[in-house]
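Q: One structure, pasted below without further comment.
The values are calculated or read from the model by the stated rules, or taken from the named source; none is laboratory data. These numbers come from a predicted model, not from an experiment. A quick note on method: Cβ atoms are made from the backbone with ideal geometry, for glycine too, and the neighbour counts reach across all protein chains shown.
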Amino acid sequence: MPTYTFRPPTVEEGPAGGHRLFYFYKLKRGITVVKDGATYSQIRYSVDEDLNEYDVVYRGGYNHTVDEATKAELIAANIGVTEENFTVQ
């Protein structure tokens, strides 16, 4: 069974600073994907202490190794995860 590298979804935020030139630049921010029971959801601003309450946590901005079944679950959860979030290892 193949394994995959999972990169959680990202969103662009801006402006990146206070100077007027920063208004043209946006930063990519990772969105954390969590599983509570059988339900997957996204958390935009996660706090470390709160992440302990979830069964599975895929922190935004990091790469995670998942198997074929987990990949299928994440895509089927309909939370913005697509095939583009995975690469074969």
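Q: Any idea which residue in the stretch 15-68 is modelled with the highest pLDDT, counting only those that are out of contact with any strand residue (DSSP E or B) (no Cβ under 8 Å at 6 or more places or on another chain) and of a type in the set (Ser, Thr, Tyr)?
A: Looking at residues that are out of contact with any strand residue (DSSP E or B) (no Cβ under 8 Å at 6 or more places or on another chain) and of a type in the set (Ser, Thr, Tyr), I get Thr39.
Q: While we're on this one: Return the residue satisfying two criteria in turn: it lies in the stretch 74-86 and is closer than 17 Å to Gly60 by Cβ and among the polar types (S, T, N, Q), and of such residues it is nearest to the chain's Cα centre (by Cα).
A: Asn85
Q: Can I ask one more? How many residues does the stretch 75-89 hold that are out of contact with any Ser or Thr (no Cβ under 8 Å at 6 or more places or on another chain) and either of a type in the set (Gly, Ala, Ser) or surrounded by 10 or more Cβ atoms within 10 Å (Cβ to Cβ) (or both)?
A: The total comes to 4.
Q: Does the stretch 54-75 include one or more residues that are more than 23 Å from Glu12 (Cα to Cα), in a loop (DSSP other than H, G, I, E, B), in contact (Cβ under 8 Å) with a residue 24 or more places away in the chain and out of contact with any His (no Cβ under 8 Å at 6 or more places or on another chain)? Lay out the reasoning, then the answer.
A: At the first step, the residues of the stretch 54-75 found to be more than 23 Å from Glu12 (Cα to Cα) are 54-56, 65-73.
In the following step, the residues that additionally are in a loop (DSSP other than H, G, I, E, B) were identified as 54-55.
Still in the running and in contact (Cβ under 8 Å) with a residue 24 or more places away in the chain: none.
No, every residue in the stretch 54-75 fails to be more than 23 Å from Glu12 (Cα to Cα), in a loop (DSSP other than H, G, I, E, B), in contact (Cβ under 8 Å) with a residue 24 or more places away in the chain and out of contact with any His (no Cβ under 8 Å at 6 or more places or on another chain).
Q: Another one. Looking for whichever is under 22 Å from Val88 (Cα atoms), of a type in the set (S, T, N, Q) and surrounded by fewer than 16 Cβ atoms within 10 Å (Cβ to Cβ) here; the options are Thr5, Thr70. Which one fits? Give the derivation first.
A: Numbers: Thr70 fails: surrounded by fewer than 16 Cβ atoms within 10 Å (Cβ to Cβ).
The match here is Thr5.
Q: Where residues in the stretch 27-39 are part of a strand (DSSP E or B) and under 11 Å from the mean Cα position of the chain (by Cα), which of them is surrounded by the most Cβ atoms within 10 Å (Cβ to Cβ)? Can you show your working first?
A: Going residue by residue through the stretch 27-39, those that are part of a strand (DSSP E or B) are 27-30, 32-36, 39.
The next check asks that each one be under 11 Å from the mean Cα position of the chain (by Cα); those that pass are 29-30, 32-34.
Working: Arg29: 14, Gly30: 17, Thr32: 20, Val33: 25, Val34: 20.
Filtering first and then ranking leaves Val33.
Q: Do you know which residues across the stretch 40-50 are surrounded by fewer than 16 Cβ atoms within 10 Å (Cβ to Cβ) and either more than 11 Å from the chain's Cα centre (by Cα) or not in a strand (DSSP E or B) (or both)? Talk me through it step by step, then tell me what you get.
A: Keep residues of the stretch 40-50 that are surrounded by fewer than 16 Cβ atoms within 10 Å (Cβ to Cβ), which gives 41, 44-45, 47-50.
The answer is Arg44, Tyr45, Val47, Asp48, Glu49, Asp50.
Q: Within the stretch 5-26, count every residue that is under 26 Å from Ile75 (Cβ atoms) and assigned to a loop (DSSP other than H, G, I, E, B).
A: At the first step, the residues of the stretch 5-26 found to be under 26 Å from Ile75 (Cβ atoms) are 5-13.
Within this subset, residues satisfying the condition of being assigned to a loop (DSSP other than H, G, I, E, B) are 7-9.
Residues in the stretch 5-26 being under 26 Å from Ile75 (Cβ atoms) and assigned to a loop (DSSP other than H, G, I, E, B): 3 in total.
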